Structure formats: C-alpha cells, structure tokens
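Engineer: The structure that follows is given in the form of structure tokens.
Just so it is clear, none of the values below were taken in a lab; they were calculated from the coordinates. Remember, it's a predicted structure, so these values are computed and weren't measured experimentally.
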Amino acid sequence: MLQITGLVWGIITLIFGIIVMIFPRILNYIVGVYLIIVGIMAIIAAI
C-alpha cells in the first residue's frame with residue numbers, strides 16, 4: 001500500500017513539474033494555494 005502511494009505521489013509530482021515547465025506562471029498559483037491550505041490547517045490544529 002505504501003509503495004503504491006509513493007508511486008502515485010511520484011507521478012503527480014512529475015505531472016506538476018511538467019506543467020510548471022510549460023506554464024511557469026502557474027507556479028505562483030500552486031504555491032499560493034499550498035500556503036493557504038497549510039495556513040488553514042495550522043489554524044484549525046491550534047483551535
């Protein structure tokens with residue numbers, strides 16, 4: 001199960017890497033969404 005999860009994450013990471021290489025501006029949105037999600041999770045964990 002863990003190996004399948006690692007394989008899936010590897011494929012997802014590869015796809016996102018290719019997308020960022022093709023559309024560099026999308027990296028800003030990916031990083032922004034990631035930071036928003038991490039911030040919300042941190043606030044929820046602190047409550």
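Engineer: Kindly provide the helix-only [θ] at 222 nm of the chain, computed as the sum of -39,500 (n - 2.57) over DSSP H runs of four or more divided by all residues, to the nearest 500 deg cm²/dmol?
Structural biologist: Values: 2 runs with 42 residues, N = 47.
-31000 deg cm²/dmol, from helical runs alone.
Engineer: With θ set to phi - 60° and the Karplus curve 6.51 cos²θ - 1.76 cosθ + 1.60, what are the ³J(HN,Hα) couplings of segment 29-43 in order, to the nearest whole Hz, using x for Gly and Pro?
Structural biologist: Along segment 29-43, the couplings run 5, 4, 5, x, 5, 4, 5, 5, 4, 5, x, 5, 5, 5, 5 Hz.
Engineer: Report the gain in length on full extension from Ile47 to Ile11: 0.36 nm times residue separation, minus Cα-Cα distance, nm rounded to one decimal.
Structural biologist: That works out to 9.5 nm of additional length.
Engineer: A further question follows. Over the Cα atoms of the chain, what is the Rg over Rh ratio if Rh follows Kirkwood? Kindly include the intermediate steps, with their values, before the conclusion.
Structural biologist: On the way: Rg = 14.0 Å, Rh = 12.5 Å.
Here Rg/Rh amounts to 1.13.
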